[in-house]
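Heads up: the structure comes next, in structure tokens.
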Amino acid sequence: MEDQVCRYLTEKGFDCKTSDFLGKEVVTVSLNISGHEIKLMLIMQDRFLSLPQFRLLEPSKFGRLAHVNIERIEGVELGVVCVNAPDSVSVNFDQPLLLIQDSLDRHVALLESVITDPDWNERELIREFYSNWLFLCNSGQKPLLINFSQPILQRVDVYEPIEKMQYGLHSYYVAHPSDSEISELSEIQFAIRERDRKVAGKAVVIPIDCLKPAPSNTDSVTEWYLHTINSLPDGRLRQLREQFCQWRDNCYWIVFTAITIDNNRTWFAIKLDCDNKKALPLTSEKIVDWRVSPISVRVFNQENVVQRGGGYISLTDKKVAIIGIGSVGSEIAHKLTAAGIRHLHLIDPDIYQIDNLHRHMLPQAYVDMPKSMGMVYQCHAQYPWSDARYSFESIEELPNKYSLGSYDLIVIAIGNPSYERFFKQYLLDSNIDVTTLNCWLEGFGVGGHAVLDISGTDGCLLCAYVDHSSGSRGLQSNLSFIEAGQDVMKSIAGCGNQFINYGAANSAQTAVMASSLAIRYLEGKQTESCKVSWKGDDDDAQAENIKLTHRYYHFKESLKRLPLLDEDCDVCRH
Ligand SMILES: [Zn+2]
Ligand SMILES: [Zn+2]
């Protein structure tokens, strides 16, 4: 193979030869870039499933190059050039020769830029500061979690991981300020309060105004540290000496933060360890007693974690009530919290039972607990900034207890049309101006529905209850896919134990549809009342001789938002 590669690249005008590197077959390409002799080495593989990586030989003789990290293999320095395309780029592994040439061209183009344009090189070194820093860190070590993001000179307690913990947030060192907004029930807070997590030392946060490229190897980290401290503005250095060198310790985490390129902020740290307790070392005389190790930092704040998870910071302060925390409501609570909504109010007096296990979000440990309470614990346990709370009222009791107009949205997932219409009538009679989202699913997997009633826009929940044969209010929703008046309940254990036949995939489908609509509304993208349905298959209904509606058979608009207004609605007709 290497001969073939060598021949192919030679044909394309490259100067190549094959040889052996530490027992492996390699192809070496010699080039000249602006008077610099460059040698790139490709270690052959049986197949290339990602872009083949050439190593730059004798990388140090070019000075510090952006996108070139230095690795040492058995004492030999090699430059790892980062031309790597992301995983999502599909590589043509059936044509290895073309792939190798494509990769070589990318290596050459990148090296040309970093060697011939020192300004660009410097900017790129700053841009990729953090990845260069990571390269210096011990890869087996977990990053220091920091639960704050104010780039100011400050001192924060660092907590030890819980002993023998390998997984979870418990297993990290965490710099955790006492005024953190993280939920009291999240792992981090819980471990500090209940499990007596110990303070390991102090982190001193130092903002840097003018960031220099990361050191090229671990030997120069101490020098880099002293240089960085000495380059701080006078006022900050004085403050550091006066306020942060007044206690003695045998370890410190120095957390640095700086703006890199395009206003991006980076965080990284140095851990200082000493056999004796001493003040924070800021000079070359003081640092000699200390071991200096570069450490990676993971900023664990709401903005960062929510956005990385595809949530929306704009939803943080929205207030949403969910009435009914059954199979649909629990999924909605989960999705809305995931979207970044902190202030959920989950309302349901129902108790979680063994019967619910296969179509609910809650694990077994919550059996016999009220569903609303269990789901609040779940939200807090998974989402650190959740501020969800619960209460146990039934829908009829709500108006007297809460100011319903203060919610940005009320989601109703009780699957009971009588109570839903009653609640709507109450809002109308009391002139309460609040947007509601009713959602429910039908049995046998035929489908589910959501009705978004935005107060002040055309259409209301009762538009979805106009009986089209009489043109007046009906008892059954006109969105229904199952004909009214049939017995759709199943019973395994007799009266009082009846249930509607649907699976978790059906309730989840309904909940995801309703959640997307809720998020869209809360983001301000949905400004008109609307209705949405999803339609499933009818085999199970057929098997049970269940009659389906005209709407079911003609419905082709699954998941599409349709106008809600019905001309015959007595509320909407003026
Ligand atoms: Zn790079
Ligand atoms: Zn209406």
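The values are calculated or read from the model by the stated rules, or taken from the named source; none is laboratory data. Computed from a predicted model, the values in this text were never measured in an experiment. Methodologically, a virtual Cβ is constructed for each residue, glycine included, from the backbone with ideal geometry; neighbour enumeration extends over all protein chains shown. Surface areas here come from the heavy atoms of the whole protein model, side chains and all, with no ligands, DNA or RNA. Shrake-Rupley method; radii C 1.70, N 1.55, O 1.52, S 1.80 Å.
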Practice problem: Could you list all residues from the stretch 440-475 that are charged (D, E, K, R), buried (at least 24 other Cβ atoms within 10 Å of the Cβ) and in a loop (DSSP other than H, G, I, E, B)? | Solution: E442
Quiz item: From the set of residues in the stretch 124-141 that are aromatic (F, W, Y) and open to solvent by less than 20 Å² (accessible area, probe 1.4 Å), which is nearest to P294 (Cα to Cα)?
Solution: W133
Quiz item: Taking the stretch 85-111 as the search range and keeping residues that are in contact with a helix residue (DSSP H, G or I) (Cβ under 9 Å, 6 or more places away or on another chain) and within 26 Å of L136 (Cβ to Cβ), which one is farthest from ligand 2 (Cβ to nearest atom)?
Solution: L111
Self-check item: Test result for Q425, assigned by TED's automatic domain parsing to the domain that holds A543 and within 13 Å of ligand 2 (Cβ to nearest atom)
Solution: yes
Practice problem: Looking for whichever is surrounded by 13 or more Cβ atoms within 10 Å (Cβ to Cβ), touching a Pro at 6+ places or on another chain (Cβ under 9 Å) and not aromatic (F, W, Y) here; the options are Q45, Q53. Which one fits? | Solution: Q45
Quiz item: Here are M373, M369: which of them is within 24 Å of S180 (Cα to Cα), over 15 Å from the mean Cα position of the chain (by Cα) and not assigned by TED's automatic domain parsing to the domain that holds E223?
Solution: M373
Self-check item: strands (runs of 3 or more DSSP E) wholly inside the stretch 316-412 that include at least 2 residues being open to solvent by less than 60 Å² (accessible area, probe 1.4 Å)
Solution: 319-323, 343-347, 409-412
Practice problem: Evaluate the following for F148: is it open to solvent by less than 30 Å² (accessible area, probe 1.4 Å), away from ligand 1 (no atom under 16 Å from the Cβ) and within 25 Å of D209 (Cα to Cα)? | Solution: yes
Practice problem: Give F135, F148 a once-over and let me know the one that is away from ligand 2 (no atom under 16 Å from the Cβ), within 30 Å of Q239 (Cβ to Cβ) and among the aromatic types (F, W, Y). | Solution: F148
Quiz item: Pick from the stretch 428-439 the residues that are farther than 17 Å from I323 by Cβ and in a loop (DSSP other than H, G, I, E, B): which of them is farthest from ligand 1 (Cβ to nearest atom)?
Solution: N431
Practice problem: Identify, by number, the condition in (1) loosely packed, with under 12 Cβ neighbours inside 10 Å; (2) in a strand (DSSP E or B) that G13 doesn't meet. | Solution: (2)
